[in-house]
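What follows is one structure encoded as structure tokens, with my remarks underneath.
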Amino acid sequence: MQKDILLTMQEDLERALQKPAAKRRWAMLLDLRKCVGCRACTIGCVSENKLPPGMAYRPVYEYEQGTYPKLSRTFLPRPCMQCDNPPCVAACPVKGPEGATWKETMGDAAGVVRINYAKCIGCGQCVPACPYQARAMDEGNFHTEGTPELMRYESMPSFEYFQKQQRTAKHQPIGNARKCHFCVHRLAVGQLPMCITTCIGRAGYFGDENDAQSLIAQVKKAAKIQILKKGAGTKPRVYYIANEKLEVLYG
């Protein structure tokens, strides 16, 4: 029986975590030929990060091409691209190493664009700065709002928070910008991002692309890779394999 690629990627992850952060490059590759639009990745992410109504770190968009009877449909997951040249960081007015958002260079999360909710002033300038619409403001809504009781699972601290406070009207991340972060809290304990593990079609690949033996590096080398908005100069770390030219769908 062929080994599930999740097991291979788990082994790759454990090997990568033994390397110094400076020699490791986290990346994600999404094979749209396998994506069936089930949105298991979206729901898994919402559950993992206790996201409020209307917010999805991992949305999946649908694009239809052609005319009847020759139609094609492409499902396009769009997480944060973890850009090496992130416009959102440049747009944030809270600058410096203690700023509200930055490109991480240290530890297990090296390479990930992060947000410190305690530093975020809620100005929202980073949201329109992202060319991928990967950021959104937490407006303080709850799924069980208006019911007899607000469920504790909605207000309890999430693994992604820097400060382990409750998510209530008086605490972060309400009023702050939020986005995908490659599940850095899972990486820290040797687990793959939730969206990768919940994909029923095994359309997602994750790992250290600097490791030539890793599955993501091998798939990337063997396939024709595309990125979104190449002309934006953002240098994303999320790659795609697709039958269509993605610049036509999402230029």
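The values are calculated or read from the model by the stated rules, or taken from the named source; none is laboratory data. Everything numeric here is computed off the predicted structure, so don't read it as measured data. Note that each Cβ is placed from the backbone with ideal geometry, even for glycine, and that neighbours are counted across all protein chains shown.
If you go through region 104-133 and keep only what is loosely packed, with under 15 Cβ neighbours inside 10 Å, free of Cβ contacts under 8 Å to residues at least 60 places away in the same chain and assigned to a helix (DSSP H, G or I), you end up with just Pro128. A count restricted to region 58-87 and to residues that are of a type in the set (Phe, Trp, Tyr), at pLDDT below 95 and closer than 21 Å to Cys41 by Cβ stands at 1. The numbered conditions (1) touching a residue at least 60 places away in the same chain (Cβ under 8 Å); (2) of a type in the set (S, T, N, Q); (3) part of a loop (DSSP other than H, G, I, E, B); (4) surrounded by 14 or more Cβ atoms within 10 Å (Cβ to Cβ) are all true for Gln172 except (1).
Please find, within region 134-155, the residue that is surrounded by the fewest Cβ atoms within 10 Å (Cβ to Cβ) out of those that are of a type in the set (A, V, I, L, M) and more than 15 Å from Lys50 (Cβ to Cβ). Lay out the reasoning, then the answer.
To start, the set of residues in region 134-155 that are of a type in the set (A, V, I, L, M) comprises 134, 136-137, 150-151.
Imposing the further condition that a residue be more than 15 Å from Lys50 (Cβ to Cβ) reduces the set to 134, 137.
Values: Ala134: 25, Met137: 18.
Looking at residues that are of a type in the set (A, V, I, L, M) and more than 15 Å from Lys50 (Cβ to Cβ), I get Met137.
Output the residues belonging to region 22-47 that are of a type outside the set (A, V, I, L, M) and within 15 Å of Leu76 (Cβ to Cβ).
Residues satisfying the conditions are Asp31, Arg33, Lys34, Cys35, Gly37, Cys38, Arg39, Cys41, Thr42.
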